[in-house]
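Worksheet: the structure to be examined is printed underneath.
Please treat every number below as a calculation from the coordinates, not as lab data. Model, not experiment: these values are computed from the prediction. Every residue, glycine as well, gets a Cβ built from its backbone with ideal geometry; the counts of neighbours run over all protein chains shown.
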Amino acid sequence: MGLNTTILCLAILCLLVWALRQRAIIRRLRHPEPSQHAADLHALAAARNERDSLLNAFPDACLIADAQGLIQHCNQAAISLLGPVPPRGRAVLETLRDARLAAPYLECRNSGKPAAAHIHLPAEAAPGRSPNTSSGEAVWLVDAAPLAQAEGPPHIRILLRDLSAEHQLEQIRQDFVANASHELRTPITLVDGYLETFLEAPELLDDRPAALRFLGIMRKHTGRITRIIEDMLLISRIESSDASTLRMETFALAECVQDLIDRLESLIRAQHATVSIQLHDPGVTLHGDRFYWTQILFNLIENALKQNPKPGLQVIIHSEPSDAGLRIEITDNGIGIPAADMPFIFKRFYRVEKHHSQNQIKGTGLGLSIVKRAIEAHGGSITCHSVPGVRTSFQITLPEQEL
Ligand code: ATP
Ligand code: MG
């Protein structure tokens with residue numbers, strides 16, 4: 001935001017300097033001295049060129065409108081944003097299209113004072129169809145201020161800046177903090193409740209079996225708190241990773257999956273499930289950070305197992321070459337994911353609630369968001385298809401160069 005504010009101030013400063021210089025030159029041109037006239041014309045052209053190149057260097061769209069509301073000047077960013085018809089000569093209201101975007105301009109025109117606002121719009125109503133948002137909402141800063149003229153009513157300069165990406169990041173951060181505190185509060189309140197009961201009625205400790213049962217429940221909930229904190233730390237670690245911070249190595253996919261199956265042995269047995277590895281080439285290798293690949297595959301296999309307690313569950317880890325490079329698929333024939341939940345499963349803390357029985361400690365709902373982010377850090381992508389009760393598959397696609 002600091003850099004953006006500096007850019008905005010610089011743009012405003014440039015416009016002011018340019019306007020003052022132009023005003024002085026125009027005044028002299030109106031009352032010319034013959035020798036001075038040609039030099040002033042030259043100076044005026046030079047000042048305009050300077051203004052154009054300065055304003056074109058700014059990433060924000062910048063418009064200057066005359067007193068009739070017609071655009072007299074616009075920089076390159078404005079032409080790209082508000083095209084395809086060049087904005088020069090058109091009315092501001094027609095060019096900005098949406099009345100919400102034009103509000104600060106109209107306020108400035110009516111009051112003669114600067115006006116600025118953050119305008120929230122549906123993405124489809126935003127100028128240039130704001131590519132910076134996947135949330136469906138675009139946010140634009142519109143800043144309008146009068147620009148002094150040699151004579152007559154002042155022109156108005158309008159700056160437009162797309163803040164959608166920053167807004168979306170801020171939204172994600174706020175949601176994350178809200179969800180994390182909510183998720184942590186539940187187990188903490190439960191543990192606190194049991195402790196309070198013991199303190200208020202210490203005789204309960206004499207009932208050894210009951211006391212041990214309560215302690216067991218508390219232990220489960222503190223385990224969940226630890227898990228949430230570990231997952232949150234992992235997320236923040238992955239979010240600050242890119243290909244350059246990953247510890248890349250080449251390792252055999254079959255070996256990595258077999259290790260995980262061994263780790264999940266007791267769950268596999270408890271669920272009466274079978275897990276099989278079907279690789280197109282038993283020696284297929286992955287080039288990536290093994291720590292993250294272990295997290296990715298562990299979560300996908302564990303999800304398939306733990307959501308599906310009915311006997312006869314089959315989980316298959318399959319690989320095959322694809323147009324893009326390599327496809328790895330984790331498939332199960334369990335309970336599946338309802339279509340209505342599908343758009344949300346990769347979001348942080350999202351769980352399909354009905355999969356969890358009431359007396360079980362829930363997962364954190366962070367697993368799939370970690371999986372997605374870790375795969376993306378490796379240049380890949382993940383999708384999910386599910387026909388509940390028939391087939392649920394998570395497909396990972398990796399580019400050729402990552403193999
Ligand atoms: P955690 O991974 O932190 O233990 P979790 O497993 O509940 O918690 P995710 O891995 O993010 O969280 O999964 C989100 C939700 O997606 C799960 O709660 C579950 O409802 C659903 N889900 C994921 N994989 C499957 C699957 N193979 N079959 C059925 N439901 C699934
Ligand atoms: Mg999970």
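Evaluating 6.51 cos²θ - 1.76 cosθ + 1.60 at θ = phi - 60° for every residue in region 373-379, the Karplus couplings come out as 5, 5, 5, 4, 5, 9, x Hz, glycine and proline recorded as x. Eigen-decomposition of the gyration tensor built on the alpha-carbon atoms of region 180-296 gives equivalent ellipsoid semi-axes of 41, 21, 9 angstrom, largest listed first.
Within the shell defined by Cβ-Cβ distances under 14 Å, the residues around Ala65 carry a net charge of 0, with Lys and Arg each +1 and Asp and Glu each -1. Working note: Debye formula, equal point scatterers on the alpha-carbon atoms of the chain, no solvent; log10 I(q)/I(0) at q = 0.10, 0.12, 0.14 Å⁻¹ is -0.84, -1.00, -1.17. Can you give me the relative contact order of region 246-403 as a percent, contacts being Cα pairs under 8 Å and 6 or more apart? Answer for region 246-403 is 24 percent.
With respect to the chain, whose longest principal axis is taken over its alpha-carbon atoms, helix 34-56 is tilted by about 10°.
Computed from the Kirkwood radius of its Cα pairs, the Stokes-Einstein diffusion coefficient for region 31-84 at 25 °C and 0.890 mPa s stands at 190 µm²/s. I'd like the orientation of helix 290-306 relative to the chain: the angle between its Cα long axis and the longest Cα principal axis, in ° from 0 to 90, rounded to 10. Between helix and principal axis, roughly 60 degrees.
Axis of helix 164-200 versus longest Cα principal axis of the chain: the two differ by about 40°, to the nearest ten degrees.
Rg(Cα) of region 246-403 divided by 2.2 N^0.38 Å?
So region 246-403 has a normalised radius of gyration of 1.00.
Figure legend: label point modelled 7 angstrom from the Cα of Val85 along Cα→Cβ; residues of region 42-62 with amide N under 20 Å from it are 62. What the phi angles of region 69-76 give under the Karplus curve with 6.51, -1.76 and 1.60, with θ = phi - 60°, is a coupling list of x, 9, 6, 9, 8, 8, 8, 4 Hz, glycine and proline written as x. With R₀ set to 41 Å, the beta-carbon distance separating Phe344 from Glu255 gives a calculated FRET efficiency near 0.75. Measuring between alpha carbons in the structure, the pairs from Lys220/Lys347; Lys306/Lys347; Lys310/Lys347 lying more than 23 angstrom apart are Lys220/Lys347; Lys310/Lys347. Loop-located trypsin sites (Lys or Arg not before Pro) in region 216-311 (DSSP state other than H, G, I, E, B) with a sparse environment of at most 12 neighbouring Cβ atoms within 10 Å: Arg247.
Its Cα gyration tensor gives region 166-240 an equivalent ellipsoid; the semi-axes, largest first and in whole Å, are 36, 13, 6.
Model label sites at Glu166 and Ala45, defined 7 Å from Cα along the beta-carbon direction, differ in position by 4.0 nm. Below 14 angstrom from the Cβ of Tyr105, what's the summed charge of the other residues (Lys, Arg +1; Asp, Glu -1)? Here the charged neighbours net out to +1.
In this rough spin-label picture, where each label sits 7 Å from Cα along the Cβ direction, the His37-Leu190 distance is 9.1 nm. Ranking of Ser53, Ser164, Ser322, Ser266 by neighbouring Cβ atoms within 10 Å, starting from the fewest: Ser266, Ser53, Ser322, Ser164.
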